[in-house]
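Below is one structure, written out as structure tokens, with a few remarks after it.
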Amino acid sequence: DVKVTQSSRYLVKRTGEKVFLECVQDMDHENMFWYRQDPGLGLRLIYFSYDVKMKEKGDIPEGYSVSREKKERFSLILESASTNQTSMYLCASSFPGELFFGEGSRLTVL
Amino acid sequence: TQLLEQSPQFLSIQEGENLTVYCNSSSVFSSLQWYRQEPGEGPVLLVTVVTGGEVKKLKRLTFQFGDARKDSSLHITAAQPGDTGLYLCAGGGGTASKLTFGTGTRLQVTL
């Protein structure tokens, strides 16, 4: 089975802190994604990567950056967390035709 | 930015009832996927439809892609508590790159 693992299920951070969300997949997928999920808004794409060290902005990249140094790992970085970044963050990798998601990281910024 | 609107946003029904969830857009998509997300989990793919007018069945779930490939529907027959979850439609290309997700329909089925 494909497994996408997100390092933290729940995080509580303070405004201005730097936040790292880690994601690892075990199926050698080339494409990886970070989404943000908010009630009534569905999933919105923050960034995606189609190869090591390659990244592209999604629909809502402001306030976020990403890093992909190894094929299996895709990290989401909040340089200076703000309260409006309180949300559920979902990582995914893709095999043609299907996205495989992690369990999500619920971030609360106080 | 392409938008996908789902309706209804919330649905609470009793076991055995039928229901339909709609996914609408003003944009044309080359494919349309439906995912289900259970509490505490990530979304899981249910089906992909790629041809206008296509109908696919998955046990008690029937999925249809609109003729113009701008809309889709999910019909559940005789809903069961195990169908409870968040249903998400997603439109995009066949490689699942940069999918556009719908706003979601939260379904609760009670005994």
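List of remarks:
- Filter result for B:Ala79 (more than 27 Å from A:Ile46 (Cβ to Cβ), surrounded by 20 or more Cβ atoms within 10 Å (Cβ to Cβ) and touching a strand residue (DSSP E or B) at 6+ places or on another chain (Cβ under 9 Å)): yes
- Qualifying residues in region A:95-110 (those that are open to solvent by less than 10 Å² (accessible area, probe 1.4 Å), within 14 Å of chain B (Cβ to nearest Cβ) and in a strand (DSSP E or B)) - the one nearest to A:Cys23 (Cα to Cα): A:Ser105
- Qualifying positions in region A:21-47 - of a type in the set (A, V, I, L, M, F, W, C) and either crowded, with 21+ Cβ neighbours inside 10 Å or in a strand (DSSP E or B) (or both): A:Leu21, A:Cys23, A:Val24, A:Met32, A:Phe33, A:Trp34, A:Leu43, A:Leu45, A:Ile46
- Restricting the first member to region B:13-42 and to residues that are farther than 30 Å from A:Gln6 by Cβ, and the second to residues that are basic (Lys, Arg) and at pLDDT below 95, the beta-carbon pairs closer than 6 Å and six or more apart or on different chains are B:Val28/B:Arg69; B:Val28/B:Lys70.
- The residues in region B:28-42 that are in a strand (DSSP E or B) and open to solvent by 10 Å² or more (accessible area, probe 1.4 Å) can be counted, and the count is 2.
- Flag for A:Glu79 being more than 12 Å from chain B (Cβ to nearest Cβ) and in contact (Cβ under 8 Å) with a residue 12 or more places away in the chain: yes
- Boolean, A:Thr15 is within 14 Å of chain B (Cβ to nearest Cβ), over 29 Å from B:Phe29 (Cα atoms) and open to solvent by 20 Å² or more (accessible area, probe 1.4 Å): no
- Looking across region B:1-57, just one residue is under 20 Å from A:Asp59 (Cα atoms), facing chain A (nearest Cβ under 10 Å) and of a type in the set (Val, Ile, Thr), and that is B:Thr1.
- Residue match in region A:56-74 (condition: within 14 Å of another protein chain (Cβ to nearest Cβ), modelled with pLDDT under 95 and in a strand (DSSP E or B)): yes
The values are calculated or read from the model by the stated rules, or taken from the named source; none is laboratory data. Quick caveat: nothing in here was measured; it's all calculated off a predicted structure. As a convention, Cβ positions derive from the backbone with ideal geometry for all residues, glycine included, and neighbour counts pool all protein chains shown. SASA here: full protein model, heavy atoms, side chains in, ligands and nucleic acids out. Shrake-Rupley method; radii C 1.70, N 1.55, O 1.52, S 1.80 Å.
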